Amino acid sequence: MKIFVINTGSSSIKYQLFQMADSQVLASGLLERIGESTSKLKHQSARSPEAVVREKVVPDHEQGLREIVDLLTDPTIGVIRDTSDVAAIGHRVVHGGEAFKRPTRIDQKVIQAIEEHIPLAPLHNPANLTGIRAALKYFPSAPQVAIFDTAFHQTIPRHAYHYAIPDEYYRKLKIRRYGFHGTSHFYVAKKAAELLGKPLQQLNLITIHLGNGCSMAAIQNGKSVDTSMGMTPLEGLIMGTRCGDIDPAIHFYLVDHSTLQFRDVDKLLNKESGLKGLTGTNDLRDVMQMREAGNGNAELAVRMFAYRIKKYIGAYYAVLGRLDGIVFTAGIGENSPEMRRLSTAGLEALGIEVSDERNAETVKSARFIQGGNSRVAVMVVPTNEELEIALQTQEVIEG
Ligand code: ADP
């Protein structure tokens, strides 16, 4: 069975085609800058060692998917005869609000519900819908499934998702913590359970997703009970360009005492803050290099980034009561031993100890990095959101 996974952004389509029997990636790629003067499509096929790179005008997502389908069915490097070879399509959808607690087969009602959630994710949900509509056109016979970033966190209890503002704003405007990166937190939690040799339902874990966006989840008996992102992805950890936790009164202070308007503050905190705001770059590799060269801002940024993670480890340990494992994942979590070291340093009293030797290893598979005296397992687990979307899609269509 072949499943096609589509992740549509406002000007991009990221995709992977899986052969589900052995989770093999038959083709993958990224189309960027849709609607701009030139778009770039980079496509990798299992039938060719070289990636295909095409630069041309792609005015919209529908045309973009057409280009991708042409490559998937290409006589030389194609991996399917025609689109009817694809058994199902899995779409990443960012915001499912409270309506979607699990992966859902897409029909007109579901499309309408995703539309209704646009106010909660004004940039993401419209893009996701464009991808769904284009896929309906080019894969008319394949069932389509929506996998929501928010769904895994729908088990968070009320006292953890409610903000301390008058209840009417929750009732009327649905203002609450939703959390994101759910597909990744769930995938790495499952992999951690395999590594620990125990059913996920018996495990308490803290999962730490550190990419450009960063979030943590407290997982009790396999279910998310708290997460650091909030109603939007802005809350919580320090990220590539987002500030994470901040006193909300700063918004008003900025508007009162600078030339910024509220829209500017939104942009400042989402796009110009975090590592980028502190150092000029959102890429931790560059920040680490600047730090090694003695740059004080980079040193501060790295310390702040690690300190915020450590604070959440403490908070979530308290929430869970018993902790079986901590899981690091995504670009930074998988590849930065220094960030893993700094964010767990000094936690021996909590039974958390990372081995310098194991932490320094560069293997790409899921592994333990705790020291011999650590009561809590510490793991590095590569995330694979696309594969998880494909697996959940398969589960839905197989009923
Ligand atoms: P996205 O959220 O865009 O999927 P990724 O999960 O790819 O992001 O993570 C991107 C982040 O990972 C960047 O900050 C990048 O600098 C960081 N990263 C990747 N490799 C390394 C590395 N070897 N050392 C430190 N940071 C790394």
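The values are calculated or read from the model by the stated rules, or taken from the named source; none is laboratory data. Not measured: the values here are computed from a predicted model. Please note: Cβ atoms are built from the backbone with ideal geometry, for glycine as well, and neighbour counts cover all protein chains shown. Keep in mind that these areas ignore ligands, DNA and RNA; they rest on the heavy atoms of the full protein, side chains included. Shrake-Rupley method; radii C 1.70, N 1.55, O 1.52, S 1.80 Å.
One table, with the values for the structure above:
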| quantity | calculated |
| --- | --- |
| Accessible carbon and sulfur surface of region 93-237 relative to its total accessible area, %, 1.4 Å | 55 |
| Order by protection proxy (mean Cβ within 10 Å, highest first), peptides 377-387, 35-45, 175-185 | 175-185, 377-387, 35-45 |
| GLU55 - accessible surface, heavy atoms, 1.4 Å probe, Å² rounded to 10 | 110 |
| Across LYS172/LYS276; LYS101/LYS267; LYS42/LYS223; LYS172/LYS267; LYS40/LYS190, pairs whose alpha-carbon gap is larger than 28 Å | LYS172/LYS276; LYS101/LYS267; LYS42/LYS223; LYS40/LYS190 |
| Mean projected area (nm²) of the alpha-carbon convex hull when the chain is viewed from all directions | 21.4 |
| Calculated from backbone phi, Karplus (6.51, -1.76, 1.60) coupling profile of region 40-46 in Hz, x at Gly/Pro | 10, 10, 10, 10, 10, 10, 5 |
| Candidates GLN154, GLN261, GLN201, ranked by Gaussian network fluctuation over the chain, Cα under 10 Å, top entry | GLN261 |
| GNM flexibility winner over the chain from ARG54, ARG303, ARG263 (Cα, springs under 10 Å) | ARG263 |
| Residue order for GLU361, GLU292, GLU353 - accessible surface, 1.4 angstrom probe, largest first | GLU292, GLU361, GLU353 |
| Antiparallel DSSP beta bridges within the chain, as percent of all bridges there, nearest 5 | 70 |
| For VAL225, residues with placed amide H under 5 Å, excluding near neighbours | ALA218, ILE219, GLN220 |
| Sequence ranges 192-199, 213-220, 142-149, ranked by mean other-Cβ count within 10 angstrom, highest first | 213-220, 142-149, 192-199 |
| Solvent-accessible area of VAL25 with every protein chain in place, 1.4 Å probe, in Å² to the nearest 10 | 60 |
| Residue among ILE80, ILE132, ILE389 with the largest mean-square fluctuation in a Gaussian network model of the chain, springs linking Cα atoms under 10 Å | ILE80 |
| Qualifying aspartates and glutamates (Cα of each under 13 Å from Cα of LYS137; at least 8 residues distant if same chain) | GLU62 |
| Antiparallel DSSP beta bridges within region 41-152, percent to nearest 5 | 50 |
| Residues whose placed amide H lies under 5 Å from that of GLY9, excluding near-sequence neighbours | LYS14 |
| Normalised convex hull volume, region 302-399, alpha-carbon set, Å³ per residue | 126 |
